[in-house]
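This report refers to the structure that appears directly beneath it.
Read the figures in this text as sums done on the coordinates, not as results from a lab. None of these values were measured; they are calculated from a predicted model. A quick note on method: Cβ atoms are made from the backbone with ideal geometry, for glycine too, and the neighbour counts reach across all protein chains shown.
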Amino acid sequence: MFIENDLHFVYHLGSDSSTLTMLKRILSLSLFTLLASSPALAQEQVVNIYSARHYPSDEALYSQFTRTTGIRINRVDADDAGILARLRAEGSASPADVILLVDAARLWRGEADGLFQPVKSTILDAAIPAQLRGAAGSDGGSAWYGFSTRARVIVYDKIKVKREDVDTYEELGDAKNKGRLCIRSGSHPYNLSLFGAVLEHLGDQKTEAWLKGMVDNMARAPKGGDTDQIRAVASGECAVAVTNTYYLARLMRSSKPEDQAVVERVGVVFPNQSSWGTHVNIAGGAVAKHAKNPANAVKFLEYLASPQAQEHFANGNNEWPTAKGVKLDNPALQAMGGNSFKSETIPISVVGRNSVKVQQMLDRAGFR
């Protein structure tokens, strides 16, 4: 039934590339639903994952979990918004056990919409700091846990820009950087979370003025992803940009001459080290509200907090691990200062709640 209805829906959409991508996701989700509900598979140990982490390096992470536990993983990859929409549509019929999302605001939204169930785990509580967990339920369980972080940093042209002119987020909206800024869409979750954090620090009036200042300072209209912004700085299209650290780390660890040329041209700043600290976003996991395999789901989350999984986040995908006491061996992250930078400490839930207000400010500021 799911596959028949989804094919009927796609038939009327057309055949452009974006539609084909949607088709793949719809069909994979439909097949996933069919397989997960099959009586033939009910006897074996499985965990069904909806994941917004589509990093090739994570395949080793999943394989190791199955080898260690004997629990087979059924996984569907989609973006954060698509996963949350699917959970709402499926309701109690959802086959999902584990939800993996890569943005604080999305984790908060899933929690606020009641799509997760509280998890009680002494292993997770001992490993993951309290500020990187979802709200505790009446039984003391947390709605979600953060398993890795990425800092939202500023990169700049070392030839054209002085470091001290871009060492705070506020300076991105200062007139001294007029015509210099490249940035991806303001509505992208990475930026919404950053702006939501700034709103908490600066308040409504100053934040909206700051957003308008960034619009005035843009070298071009927002487009592309974070790697595109870094390359635009290196090419001279702009002089200042904003990126998550793991995009820069990938270029730093690349052996391609063109990537090394980019790295040589740009400098990196962890903003606001003298004030509230650099904004960090998180990737986290939760147990779905209607999980059919909740015990296996908790085992998977506990596995993500283990030293071997945490080291994978650091060395496989250039993210900072969140569990206490994990050794950081990634040369790119170490070159950026390891984990010694000062990061902000406001609760992730606050950042999520601010996202709606920030979007309204972006609309008024003309920040696309």
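Observations on the model:
- Taking the convex hull of Cα positions in the stretch 269-368, its mean projected area over all directions (nm²): 9.4
- Helix-only mean residue ellipticity at 222 nm for the chain, each DSSP H run of n ≥ 4 adding -39500 (n - 2.57), per residue, nearest 500: -13500 deg cm²/dmol
- For residue 160, a cut-off of 18 angstrom between C-alpha atoms picks up these lysines, skipping any fewer than 8 places away in its own chain: 176, 178.
- Reachable lysines, given that their alpha-carbon falls under 27 Å from the alpha-carbon of residue 120 and they are not under 8 places away in the same chain: 289, 292, 299, 324, 327
- Footprinting exposure proxy for 163, 67 (fewest neighbouring C-beta atoms within 10 Å first): 67, 163
- The chain: most fluctuating residue of 293, 318, 48 per GNM, C-alpha cutoff 10 Å: 293
- Helix runs (DSSP H) in the chain reaching 24 Å along axis by Cα, Kyte-Doolittle at least 0.0: 17-36
- Cut-off 13 Å, label 7 Å out along Cα→Cβ of residue 136, residues of the stretch 307-325 by amide N: none
- Here the stretch 182-250 was treated as a single set of alpha-carbon atoms; its pair distances binned every 10 Å from 0 give 20, 50, 27, 3 percent.
- With 0.36 nm allotted per residue and the present C-alpha distance subtracted, the residue 162-residue 68 stretch has 28.8 nm of extension available.
- Beta bridge orientation in the chain: antiparallel %, DSSP, nearest 5: 65
- Cβ-derived FRET efficiency at R0 25 Å, residue 93 paired with residue 45, nearest 0.05: 0.70
- Once Cα Rg over 2.2 N^0.38 Å is calculated for the structure shown, the corresponding label among (1) 1.82; (2) 1.01; (3) 1.19 turns out to be (2).
- Label point distance in nm, residue 255-residue 342, each placed 7 Å from Cα along Cα→Cβ: 4.0
- Among 108, 320, the ranking by other beta carbons within 10 Å of each residue's beta carbon, starting with the fewest, stands as 320, 108.
- Segment residue 264-residue 57, length gained on full extension (0.36 nm per residue, minus Cα span): 72.0 nm
- Computed from the Cβ-Cβ distance with R0 of 22 Å, the FRET efficiency linking residue 216 to residue 335 stands at 0.10.
- Residue exposure sequence - 73, 123 - by fewest surrounding Cβ within 10 Å: 123, 73
- Structural descriptor for the chain: relative contact order 25 percent, calculated from alpha carbon pairs under 8 angstrom and at least 6 residues apart.
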